[in-house]
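Trainee: Next up is a structure, given as C-alpha cells.
Any read-out appearing in this document is the output of simple, stated calculations on the displayed coordinates, not a laboratory observation. For clarity, every value in this text was computed on a predicted model and none was experimentally measured. In this analysis, Cβ positions are derived from the backbone assuming ideal geometry, glycine residues included, and neighbour counts consider all displayed protein chains.
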Amino acid sequence: MSEVRFERTEDVRGCTGDANTPIHVDIGALYPNGYTTETILSYNEGRQDGITIETFSGEHSNEHLECFRRDGKRQGIGMLYRGDELIMKMSFVDDMLEGWGLIYANQHLEDAVYWKCGVVIREKGVHCEDGLFVLEERDLGGQLVYKGGYDCRTYQREGCGELYKDGQISAVGIFENDRLKTIQKSFDGVVMTEYSADGLITYKGGYAMFSYLRYPREGYGQEFDHSRLIYEGSFINGLRSGYGVSYFDNGVASFKGQWLNNKPSEGQFLTKDKLDQWVTFDGCFEYTAKTAYALEMLSQAVTTIHIGDNCCNDRSCTEIVFTELDHLQEINIGSNSCRNVVFFVISGLPALESLRVGNDSFTLCNHTDNKPWDGTNKERIMRESRSFTISACPMLQQVCVGIGSFSDYLFFSMEGVASLQSLIIGDANNSIDQLIATFSFFHCAEFLLKGVCRQAV
C-alpha cells in the first residue's frame, strides 16, 4: 500500500465541540502510516474473503481494522477502532485508499481527508466564522476548494456554500448530498452574475468581496426581471446608489439620475402620465419622442425611433447622439424638428438600415420665407459651425433628407456605410420654372462620403 506523505498539522473544530478548543490532526500519522499488520481474522472459514478483522503490532497494537475483503484485497468501507472506539472510517478500492475518510475523536466527527490512490490530496476542516461553524475543503497545495455548510455526520457539503477555482471564488449556491443543486451566483473575474430560483439572470456586474457568503453588488451593474432590464447604473453595498437609470416594463426609462439606498434621490422622472404626454409606444420597441428630454430616455431594446413634426425644438437641445443602440433599425424624423441642434451624430449602430428626415429640420431657416443666404442667418451659421456625422453603420441602406433640412450645417460626413444603396437630399421633382432650390446643406463647406459599396447611388 502506498504511503501517505501529507505532512501537515491542521487546526479544526468539531461541529459539536467548543469553538475555542482546537483539535490537532496529524495527517501524516493517519492509517496506513506506521501500521504493521499482525493478524487477519476471517469469519469465512479462515479465507481472506468477506468481513475480516486486521490487527496491528507496535504502537497500534490496541487498534484493529474491520473491512470486507475479496481475493485478499480490502474493498469498500473500512472501520478503524482503538479498542471499542471508532477513530476512522475510510473507503478501499483494490486494497488502496480511495475517496473521503472521516476522522473521529471522543465519539465526535472531527475532520475529513480525501485519498486518491492511497495519497491524501484534499482535506476538510471545520472552523467558526461569524458565529457559524463552516466546513473548508482544501487541495494538496492548501488552496481553498469549498467553504460552507455541511452535514455533521458525513462531512458532505450541505446547505449554502461557495466553490473556488485556482483559489478564487467561482460560485455560490445550495448543496444537497455533496452536490451543487441550485446556483445562486457565479463569478468571472470582476463580474458577478446572480440567478433567480428558476435559473434566470437577475443581476450582472461588479461586486464587493466581504465576509463569508456576502458578495454584495458594488460598482456598475445591470438588474433584470425575467430577462428584462429594469435598472443599470451604480450599486453600493448591494443597493442602488449613485448614478443610474430605471426602466418601465416596456423598455422606457422611468428615472434617470442619482440614487440613494435603492431610492431615486435627484434626477429626472418619467411618470406614467408624462409617458402618455411625451413618449408613446407602438409595441415594445418603437419609440416616439416629442421632446428633447424624451430622447434621453432611450432603452437598448428600441428598434425604431420616431421624432414627429415640430418636435425636439427646445433651446437646450443642441446635441443629439444615437449610439450603443444595438437593435436600432430605423430613425424617422419629421419636418421642422430639432431646429437648435448643432451637433448630430449617428455612430456605432450595427443594425441601422434607414434614416429619414423631413423638411426644414436641423435648421433655424426654412426654404420658403427665411432664406439661409440672408446676411444675419449666414453670420450665425458660420459662428455655430454645425456638423452631422454618420459612422460605423454597416447595415445602413437608405438616407433620405427633405427640402431645407440641414441648411445651417457646415459639415456632413458618412463613413463605414458599406451597405448604402440610396442617398437622397432635397426634392428631385422640382421643376426649373419654379426657380427654387431645396437649400439642404446650403452652406455645407465639407462633405465626406467614405466606405460606400459600388452599387450605391
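Trainee: What distance in nm separates the simple spin-label points at L229 and D374, each placed 7 Å from Cα in the Cβ direction?
Mentor: So the label points at L229 and D374 sit 4.3 nm apart.
Trainee: Return the FRET efficiency for the residue pair D130, A445: r is the Cβ-Cβ distance, R0 is 56 Å, and the value is rounded to the nearest 0.05.
Mentor: The computed FRET efficiency comes out at 0.20.
Trainee: Step through the residues of the stretch 234-245 one at a time and calculate ³J(HN,Hα) from phi using the Karplus curve (6.51 cos²θ - 1.76 cosθ + 1.60, θ = phi - 60°), rounding each to whole Hz and writing x for Gly and Pro.
Mentor: Per residue, the Karplus-derived 3J(HN,Hα) values read 8, 10, 9, 6, x, 10, 5, 8, x, 6, x, 10 Hz.
Trainee: Would you kindly derive the ³J(HN,Hα) couplings of the stretch 175-182 from the backbone phi angles with the Karplus curve 6.51 cos²θ - 1.76 cosθ + 1.60 (θ = phi - 60°), listing them in order in whole Hz, with x for Gly and Pro?
Mentor: Each residue of the stretch 175-182 in turn: 10, 9, 6, 6, 10, 6, 8, 10 Hz.
Trainee: Okay, moving on. Distance from a point 7 Å along Cα→Cβ of F411 to each backbone N in the stretch 339-380: keep the residues under 18 Å and list them by number.
Mentor: Correct set: 341-348, 363, 380.
Trainee: Further, regarding this structure: Calculate how large, on average over all directions, the projected area of the Cα convex hull of the stretch 303-450 is; give the answer in nm² to one decimal. Show your work: numbers first, answer last.
Mentor: Numbers: hull surface 34.3 nm².
Hull-based average projected area comes out at 8.6 nm².
Trainee: Within the set of other residues whose C-beta is less than 15 Å from the C-beta of C338, count the net charge using Lys and Arg as +1 and Asp and Glu as -1.
Mentor: -2
Trainee: P(r) for the stretch 140-192: what percent of alpha-carbon pairs falls in each 10 Å bin, starting at zero?
Mentor: Distribution as computed: 27, 50, 22, 2 percent.
Trainee: Amide H to amide H, which residues 5 or more places from E158 or on other chains are under 5 Å from it, using H placed in the peptide plane?
Mentor: Those qualifying (amide H under 5 Å, at least 5 residues apart or on another chain) are G149, Y150, D151.
Trainee: Taking H as built 1.01 Å from N, whose amide H comes closer than 5 Å to the amide H of E110, not counting residues under 5 places away?
Mentor: Close amide H contacts, sequence-distant or interchain: I103, Y104, A105.
Trainee: HN-Hα J couplings of the stretch 410-427 from phi, Karplus 6.51/-1.76/1.60, θ = phi - 60°, integer Hz, Gly and Pro as x?
Mentor: Calculated HN-Hα couplings, in order: 8, 10, 9, 9, 9, 9, x, 10, 5, 9, 4, 10, 9, 10, 10, 10, x, 10 Hz.
Trainee: Here's another thing I want to ask about it. Could you pull out every residue, at least 5 positions away or on a different chain, whose amide H is within less than 5 Å of the one on S170? Hs are placed 1.01 Å off N in the peptide plane, and Pro or chain starts have none.
Mentor: Under 5 Å from the amide H of S170: L163, Y164, K165.
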